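Have a look at the structure below before the remarks.
A short reminder: the numbers here are calculations on the coordinates, not readings from a lab. Computed from a predicted model, the values in this text were never measured in an experiment. Counting neighbours? That spans all protein chains shown, and the Cβs are built from the backbone with ideal geometry, glycine included.
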Amino acid sequence: MDSLLLGSFHKPSLLTQGENGWRKENINRGCFFGDVSRCRTRKMVEKYCIERSQQHLLKHHVKGIGKRSTFYQWQDKTCLVNAATGHPFESDPGAYNKKSIWYSVKNGLDAFYRFSRPHTVIGTALSIVSVSLLAVEKLSDFSPLFFTGVLEAVAAALFMNIYIVGLNQLYDIDIDKVNKPYLPLASGEYSVRTGIMIVSSFSIMSFFLGWIVGSWPLFWALFISFMLGTAYSIKLPMLRWKRFALVAAMCILAVRAVIVQLAFFLHMQMHVYKRPAAFSRPLIFATAFMSFFSVVIALFKDIPDIDGDKIYGIQSFTVRLGQKRVFWICISLLEMAYGVAIMVGASSGYFWSKIITVLGHIILASILWNQAKSVDLNSKAAITSYYMFIWKLFYAEYLLIPLVR
């Protein structure tokens with residue numbers, strides 16, 4: 001490498017050749033040795049070394065070719081080493097180390113964020129808070145006891161949520177390389193061992209928290225979610241229920257519509273407030289409405305994943321019926337659910353509840369229909385974007401549920 005660099009200095013235009021040679025040889029070689037993040041410093045390195053070369057030539061141009069060659073050997077070796085390592089010139093090495101640590105932490109948090117499937121985390125947290133509000137009967141119920149009970153339930157449920165979505169990714173690595181290549185396990189950012197450590201740790205933390213809280217409704221909610229989530233994903237005889245469209249939909253419905261509504265309501269009602277179990281009108285409405293919504297989520301999530309599901313033999317409804325048919329089935333089910341919600345709201349004995357819930361569901365139903373008409377069903381990106389929009393409607397419903405009285 002040094003011989004190639006020195007060869008350029010025997011040409012007539014030494015200054016020009018020094019600049020161009022360094023640009024073509026040293027920068028590219030520095031990028032060869034470094035990774036992508038290090039190559040971002042290329043312009044800084046280039047500018048520095050060219051300025052050093054110019055200063056040296058202007059100061060020592062009368063000293064002879066031999067000394068110039070010796071200088072350039074040192075100069076280019078230094079530049080290449082710094083380019084390869086990514087260290088800034090004549091600066092505190094600790095500054096780069098701090099920057100490198102910050103980027104590592106940032107990248108690690110981003111990978112975990114994607115691994116945790118944030119739309120499910122938000123949905124879980126929001127649903128538990130909303131259902132907990134159904135147990136509030138008077139203003140004095142908003143006590144530190146209420147907030148402690150909600151926090152315990154949310155934390156334990158989120159730990160279990162990460163276990164379930166993480167386990168699904170562990171057994172879907174090959175499928176996700178086709179359908180969701182941005183996930184950490186599919187992209188190679190996480191090794192299988194790392195994935196196993198994360199899901200194991202979060203399942204243990206979830207059960208430990210549920211146990212020390214001492215709430216049986218909370219503990220059973222975690223246990224049933226654990227069993228259904230494991231049976232949904234794990235590859236064992238008679239399991240991996242996600243292969244079967246109806247069973248997969250029933251798993252999601254059981255967790256999202258039944259367990260979340262009933263178990264976490266009873267956690268607040270019986271464990272926090274020490275009241276007898278009671279199933280109020282708003283709770284029944286929430287369970288029924290979210291049953292429709294959970295079926296829609298279970299069906300819709302497979303629409304953008306049709307390619308990978310076909311390759312690996314997942315017999316989803318989308319694979320069997322086609323994307324367009326399943327898409328409009330989902331829209332029809334949600335519009336029916338909104339119609340029922342409007343009637344329930346209109347029958348409320350509270351004027352403020354009637355106005356808010358009726359108008360709220362009319363607005364959501366209208367937005368759903370208008371957005372659906374503009375979706376390009378031939379575009380995976382458009383379908384995925386609309387799926388995320390469905391989750392936003394899911395969040396919005398949990399803002400309305402506590403107002404149903």
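Go through Lys106/Lys301; Lys99/Lys177; Lys180/Lys235; Lys354/Lys392 and tell me which ones have a Cα-Cα distance over 25 Å in this structure.
Details: Lys106/Lys301 29 Å; Lys99/Lys177 31 Å; Lys180/Lys235 20 Å; Lys354/Lys392 23 Å.
Checking Cα-Cα distances, Lys106/Lys301; Lys99/Lys177 exceed 25 Å.
In whole Hz and in residue order, list the ³J(HN,Hα) couplings for the stretch 395-404 that follow from phi through the Karplus curve 6.51 cos²θ - 1.76 cosθ + 1.60, θ = phi - 60°; x for Gly and Pro.
For the stretch 395-404, the Karplus curve yields 4, 4, 5, 6, 7, 8, 4, x, 8, 7 Hz.
Taking amide H positions as placed in the peptide plane 1.01 Å from N, state which residues far from Phe244 in sequence (5 or more) or on other chains have amide H under 5 Å from it.
Placed amide hydrogens put nothing under 5 Å from Phe244.
I need the calculated FRET efficiency for the pair Leu239 and Ser100, taking r as the beta carbon distance and R₀ as 41 Å, to the nearest 0.05. Could the numbers behind the result be given before it?
On the way: r = 43 Å, r/R0 = 1.06.
Step by step, r from the Cβ atoms, then E = 0.40.
Could you give the dipole magnitude of the stretch 118-278 about its Cα centre, charging the beta-carbon of Lys and Arg +1 and that of Asp and Glu -1, in debye to the nearest 20?
Details: 11 positive and 7 negative charges, 62 e Å.
The dipole magnitude comes to about 300 debye.
Given C-alpha coordinates of the stretch 293-336, what is the ratio Rg to Rh with the Kirkwood estimate of Rh?
On the way: Rg = 10.2 Å, Rh = 10.4 Å.
Ratio value, two decimals: 0.99.
Based on the alpha-carbon set only, what is the convex hull volume of the stretch 109-167 divided per residue, in Å³?
Normalising the Cα hull of the stretch 109-167 by residue number yields 78 Å³.
Provide the per-residue ³J(HN,Hα) series for the stretch 205-219, in order, calculated from phi with Karplus coefficients 6.51, -1.76, 1.60 and θ = phi - 60°, each as a whole number of Hz, with x at glycine and proline positions.
4, 5, 5, 4, 5, x, 6, 6, 5, x, 9, 5, x, 5, 4
Could you compute the FRET efficiency for Phe223 and Trp328, with r as their C-beta to C-beta distance and R0 at 45 Å, rounded to 0.05?
On the way: r = 37 Å, r/R0 = 0.82.
Given R0 = 45 Å and the Cβ-Cβ separation, E is 0.75.
Provide Lys373, Lys380 in ascending order of the number of other Cβ atoms located within 10 Å of each residue's Cβ, fewest first.
Numbers: Lys373 7, Lys380 16.
By the 10 Å Cβ count, ascending, the order reads Lys373, Lys380.
Over the stretch 320-405, what is the relative contact order in percent, taking alpha-carbon pairs closer than 8 angstrom and at least six residues apart?
With pairs under 8 Å counted, the relative contact order is 32 percent.
Rank Val247, Gln269, Leu134 by how far each Cα sits towards the positive end of the charge dipole of the stretch 118-278 (+1 on Lys, Arg Cβ; -1 on Asp, Glu Cβ) and give me just the farthest.
Val247
Percent of Cα-Cα pairs more than 26 Å apart in the stretch 118-278, please.
Values: 4023 of 12880 pairs.
Of all Cα-Cα pairs in the stretch 118-278, 31 percent lie more than 26 Å apart.
Most exposed first by the Cβ proxy, i.e. fewest other Cβ within 10 Å, how do Arg275, Arg256 rank?
On the way: Arg275 13, Arg256 23.
Fewest-to-most ranking of Arg275, Arg256: Arg275, Arg256.
Checking a compactness column here: for the stretch 307-405, what do you get for Rg(Cα) / (2.2 N^0.38 Å), N being the number of residues? Display every interim value, and only then the final one.
Details: Rg = 16.3 Å, N = 99, 2.2 N^0.38 = 12.6 Å.
Against the compact-globule rule of thumb, the ratio is 1.29.
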